[in-house]
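Where a number appears in this text, it was derived from the coordinates with a stated rule and is not lab data. Keep in mind it's a predicted model, so treat the numbers as computed, not measured. Glycine also receives a Cβ, built like all others from the backbone with ideal geometry; neighbour counts cover every protein chain displayed.
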Amino acid sequence: MLHRWKIGDVRVSSLVEYHGPTHDPEFLYPKFDRGAFEAILPELPPGHYYRENDRLVIAIQIWLVETADKVVLIDTGVGNHKPRSAERMKNLNSLFLHWLAAAGVTPDKVTHVVHTHMHPDHVGWNTVLRDGRWVPTFPNARYLMPKTDFDFFQELRKENSPVEDGAFTDSVDPVLEAGLADFITDETELLGFLRVSKAPGHTPGMLNYWLESRGETGVFSADVMHHPVQIYRPDWNTAFCTLQDEALRTRAGFLAEAADSGALVMSCHFAPPHTGYIRRRGGGYAFEPAASGYGSAV
């Protein structure tokens, strides 16, 4: 699936690897409160929760960003044929490269791959399986990785941690061996149009990327939130947040900045319509979905 928006002169496309009712809310959010959730549900767009099996709808999407001279991917999803532990990510055979082609981009045209963090569901399409070997999918791209997160996951790898889940072996090592990797070490301007902002909590080195063009603003918000319910309940961390207190502080600061800037929020995991705006309401926040403003293609 492919959806498109314009932010100033920049074209942004959401390439959806998959979405579906996959997450038990009481597992995903340890502080989940059923009564509070039921009160929030009417505020959410349709299709973000399935009552029939009591599951939150979660997406995995890869963001394609096109400027006059750059073709950039923000994160790379799970990838195909990756032997992951979670059933929803195990040995996928998705049509991501078809969606990329539908956007008019072939792998050799990608100039940069920019990672928000290094979880297995954000690095998978770094590589493809070819003749029994994992090789870089985007041979002409520079792969930009948060150094703090890279170092953290290297340590997890030594421990055979399920959090790393073998992703470095099949999705990161081949990029390093090909000499295509660079590291992001500071909050800085990136590629001439992205502002890097630290967002620790979900992982120690997670980054957000703010895009500004012709007075319009968007933000690739990584996993600051997995589901729009956290806009209404920012005190609900996920079970996957490594640094719980940091995650709360990051989310609070992010919501305030997103609301004040009017940025189009582009999360890695929100279900359709995948994007929206954070609006202040009373002492908290609300979600305003954004329709695809530049057309869509399937």
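Side notes on the structure shown:
- Just one of (1) without any contact (Cβ under 8 Å) to a residue 60 or more places away in the chain; (2) touching a Phe, Trp or Tyr at 6+ places or on another chain (Cβ under 9 Å) fails for Ala247. It is (2).
- Here Thr116, Thr148 are screened, and the one residue that is closer than 18 Å to Ser221 by Cα, buried (at least 19 other Cβ atoms within 10 Å of the Cβ) and in contact with a Leu (Cβ under 7 Å, 6 or more places away or on another chain) is Thr116.
Every residue, every condition in (1) in contact (Cβ under 8 Å) with a residue 40 or more places away in the chain; (2) among the aromatic types (Phe, Trp, Tyr); (3) buried (at least 19 other Cβ atoms within 10 Å of the Cβ); (4) touching a helix residue (DSSP H, G or I) at 6+ places or on another chain (Cβ under 6 Å), yes or no:
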{"site": "His3", "(1), (2), (3), (4)": "yes, no, yes, no"}
{"site": "Arg11", "(1), (2), (3), (4)": "yes, no, no, no"}
{"site": "Val16", "(1), (2), (3), (4)": "yes, no, yes, no"}
{"site": "His23", "(1), (2), (3), (4)": "yes, no, yes, no"}
{"site": "Leu28", "(1), (2), (3), (4)": "yes, no, yes, no"}
{"site": "Phe32", "(1), (2), (3), (4)": "yes, yes, no, yes"}
{"site": "Phe37", "(1), (2), (3), (4)": "yes, yes, yes, no"}
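Residue-by-condition table, conditions (1) of a type in the set (D, E, K, R); (2) out of contact with any strand residue (DSSP E or B) (no Cβ under 9 Å at 6 or more places or on another chain); (3) surrounded by fewer than 18 Cβ atoms within 10 Å (Cβ to Cβ); (4) closer than 13 Å to His122 by Cβ:
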position: Leu194; (1), (2), (3), (4): no, no, no, no
position: Leu211; (1), (2), (3), (4): no, no, no, no
position: Glu216; (1), (2), (3), (4): yes, no, yes, no
position: Val219; (1), (2), (3), (4): no, no, no, no
position: Pro234; (1), (2), (3), (4): no, no, no, no
position: Gln244; (1), (2), (3), (4): no, yes, yes, no
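- Residue in the stretch 1-14 that is under 18 Å from the mean Cα position of the chain (by Cα) and not in a strand (DSSP E or B) present: yes
- The set of residues from the stretch 98-130 being free of Cβ contacts under 8 Å to residues at least 40 places away in the same chain and on the phi < 0 side of the Ramachandran plot comprises His98, Ala101, Thr106, Pro107, Asp108, Lys109, Val110, Arg130.
- On the stretch given as the stretch 151-160, residues that are surrounded by fewer than 12 Cβ atoms within 10 Å (Cβ to Cβ) and closer than 18 Å to Cys241 by Cβ total 1.
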